[in-house]
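Notes follow the structure.
The values are calculated or read from the model by the stated rules, or taken from the named source; none is laboratory data. Just so we're clear, the structure is a prediction, and the values are computed from it rather than from any experiment. Don't worry about glycine lacking a Cβ; one is built from the backbone with ideal geometry, like all the others, and counts go over all protein chains shown.
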Ligand SMILES: Nc1ncnc2c1ncn2[C@@H]1O[C@H](COP(=O)(O)OP(=O)(O)OP(=O)(O)O)[C@@H](O)[C@H]1O
Ligand SMILES: [Mg+2]
């Protein structure tokens, strides 16, 4: 199993040190929850791994590949290997479910095929099988903007799977979902991790969900890792340190830049740029 190794990774935005000398080793097949209050650096950490953000310092390595040094085709392949799942789904609402899922193949097929929607039968079958696995095959022909949030997130997860990733980086995948859909989406991520052996790194606001789904929790405060261990080792003192007043039941504010990033299909942009 391949290992993701993050060493002294930092990211500065102006005066803000969003990620501050983070070192982490994640073994292949782990399900890691990243927790911490709003602004702690969780999204930036995932974006540094995927290279949507460039580090100010430090490195990301995957086995012997120095991710932080990849360029061109190798970088596109890395982005295919670590699929992102976003809070806002980032689907193309006016397109049907099947097409959105097929877009997960963009980095593996010639651009003209995607532009002409000339997907192979094998890709279509794989997309339908993936949708079926998560109870979404019946919606294949429906426009994505006609689906509920939970259904859209399951479509986004199917699209991520079509990339045949080694790692899934999920940034608050359940933040805008009700309890029932939260469970469906987290169950989908757990199944992917368990059955396909795909490593999952998942940013979560809900401590209860993080505790019940993740084998390992990484707690961040002000860009630094202040906790790294099994959920049972997360004491009330550490929770207070992580969340401060939020631990008393006040919900953290929604992050502005997260919704702003809305990063329109970063993988699509990367694929079409070449
Ligand atoms: N593109 C950017 N430009 C400037 N500052 C940024 C940018 N992205 C993040 N930051 C800042 O870096 C810090 C960490 O942000 P980040 O989005 O990683 O936090 P987070 O833990 O994901 O928060 P949330 O739980 O609200 O999503 C914050 O202070 C944020 O304002
Ligand atoms: Mg975030």
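Being within 16 Å of ligand 1 (Cβ to nearest atom) and either at pLDDT below 50 or under 24 Å from residue 181 (Cβ atoms) (or both): is that true of residue 265 here? For residue 265, the condition - within 16 Å of ligand 1 (Cβ to nearest atom) and either at pLDDT below 50 or under 24 Å from residue 181 (Cβ atoms) (or both) - is not met.
Any chance segment 73-80 includes a residue that's part of a loop (DSSP other than H, G, I, E, B) and out of contact with any helix residue (DSSP H, G or I) (no Cβ under 7 Å at 6 or more places or on another chain)?
So in segment 73-80, the residues part of a loop (DSSP other than H, G, I, E, B) come out as none.
No, segment 73-80 contains no residue that is part of a loop (DSSP other than H, G, I, E, B) and out of contact with any helix residue (DSSP H, G or I) (no Cβ under 7 Å at 6 or more places or on another chain).
Within segment 199-209, is there a residue that is more than 14 Å from ligand 1 (Cβ to nearest atom) and touching a strand residue (DSSP E or B) at 6+ places or on another chain (Cβ under 7 Å)? Yes, the conditions are met somewhere in segment 199-209. Within segment 81-96, being touching a strand residue (DSSP E or B) at 6+ places or on another chain (Cβ under 8 Å), surrounded by fewer than 20 Cβ atoms within 10 Å (Cβ to Cβ) and outside any strand (DSSP E or B) holds for 81, 93, 94, 95. Residue count for segment 34-73 satisfying the condition of being over 22 Å from residue 107 (Cα atoms) and within 13 Å of ligand 2 (Cβ to nearest atom): 12.
When the test is whether a residue is more than 16 Å from ligand 2 (Cβ to nearest atom) and either on the phi > 0 side of the Ramachandran plot or in contact with a helix residue (DSSP H, G or I) (Cβ under 9 Å, 6 or more places away or on another chain) (or both), residue 171 does not pass it.
Table: residues versus (1) farther than 20 Å from residue 31 by Cα; (2) at pLDDT below 95.
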| position | (1), (2) |
| --- | --- |
| 124 | yes, yes |
| 128 | yes, no |
| 156 | no, no |
| 171 | no, no |
| 185 | no, yes |
| 194 | no, no |
| 198 | no, no |
| 204 | no, no |
| 214 | no, no |
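The strands (runs of 3 or more DSSP E) found entirely in segment 133-236 that carry 1 or more residues being within 30 Å of residue 7 (Cα to Cα) and free of Cβ contacts under 8 Å to residues at least 40 places away in the same chain are 224-229.
Screening 229, 219 for residues that are more than 16 Å from ligand 1 (Cβ to nearest atom), under 25 Å from residue 28 (Cα atoms) and modelled with pLDDT of 95 or more leaves exactly one candidate, 229.
Sub-8 Å Cβ pairs linking a first residue in segment 24-48 that is under 20 Å from residue 75 (Cα atoms) and in contact (Cβ under 8 Å) with a residue 24 or more places away in the chain to a second residue that is in a helix (DSSP H, G or I) and near ligand 1 (Cβ under 9 Å from one of its atoms), at least 6 apart or interchain, are 43/257; 43/258; 43/261, ordered by first then second residue.
Take segment 24-67 and flag every residue that is away from ligand 1 (no atom under 14 Å from the Cβ) and over 23 Å from residue 80 (Cα atoms). Spell out the reasoning first.
First, the residues of segment 24-67 that are away from ligand 1 (no atom under 14 Å from the Cβ): 24-32, 51, 57-67.
Within segment 24-67, just 57 meets the criteria.
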